[in-house]
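**Q** Got a structure for you, questions after.
The values are calculated or read from the model by the stated rules, or taken from the named source; none is laboratory data. This structure is a prediction, so every number in the text was calculated from the model and none was measured. Virtual Cβ from ideal backbone geometry, glycine too; neighbours counted across all protein chains shown.
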């Protein structure tokens, strides 16, 4: 198993961050990493996601939403049977008055994880960090 982990502090409430995070229709306006999500943030829903990494790699995938805990956590899970699976996790945690810690991570498993090199890891992590900074900017206004 492999994990890509990032976090950022945002001067906002959990509700403010959650509202931006689940407003998939607005992602093209602010999100440099997840360029588009089609679907609903509801457990069991199938999503269509298009990402662009900082290196310019474009990917599309169709995961299923596995957890929705309003103002706290959103997860989805996708896989290429037998080869690669990934659980994408966003969590929002109170960090003090008017501040939250936003955690953005992915857990990868399967045969193809051994082919992920350090450059792929860095590219994915950089994409997460770009999104985190853009989310912070969007929420803090």
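**Q** Would you call residue 100 more than 13 Å from the chain's Cα centre (by Cα), surrounded by 15 or more Cβ atoms within 10 Å (Cβ to Cβ), at pLDDT 95 or above and under 22 Å from residue 20 (Cβ atoms)? Can you show your working first?
**A** On the way: more than 13 Å from the chain's Cα centre (by Cα): yes; surrounded by 15 or more Cβ atoms within 10 Å (Cβ to Cβ): yes; at pLDDT 95 or above: yes; under 22 Å from residue 20 (Cβ atoms): yes.
Yes: the conditions hold for residue 100.
**Q** So, one more: Within segment 71-89, track down each residue that is in contact with a helix residue (DSSP H, G or I) (Cβ under 6 Å, 6 or more places away or on another chain) and modelled with pLDDT of 95 or more. Give the derivation first.
**A** Residues of segment 71-89 in contact with a helix residue (DSSP H, G or I) (Cβ under 6 Å, 6 or more places away or on another chain): 71, 83-84.
Across segment 71-89, the qualifying residue is only 71.
**Q** Right, another one. It is to be established whether one or more residues within segment 24-33 are surrounded by 15 or more Cβ atoms within 10 Å (Cβ to Cβ) and more than 15 Å from residue 130 (Cα to Cα).
**A** For segment 24-33, residues surrounded by 15 or more Cβ atoms within 10 Å (Cβ to Cβ) and more than 15 Å from residue 130 (Cα to Cα): present.
**Q** Of all the residues that make up segment 73-92, how many are touching a residue at least 12 places away in the same chain (Cβ under 8 Å) and surrounded by fewer than 15 Cβ atoms within 10 Å (Cβ to Cβ)? It would help to see each step written out before you state the result.
**A** First pass over segment 73-92, keeping only residues touching a residue at least 12 places away in the same chain (Cβ under 8 Å): 73-80, 82-92.
Going one step further and asking which of them are surrounded by fewer than 15 Cβ atoms within 10 Å (Cβ to Cβ), we end up with 80, 82-83.
Residues in segment 73-92 being touching a residue at least 12 places away in the same chain (Cβ under 8 Å) and surrounded by fewer than 15 Cβ atoms within 10 Å (Cβ to Cβ): 3 in total.
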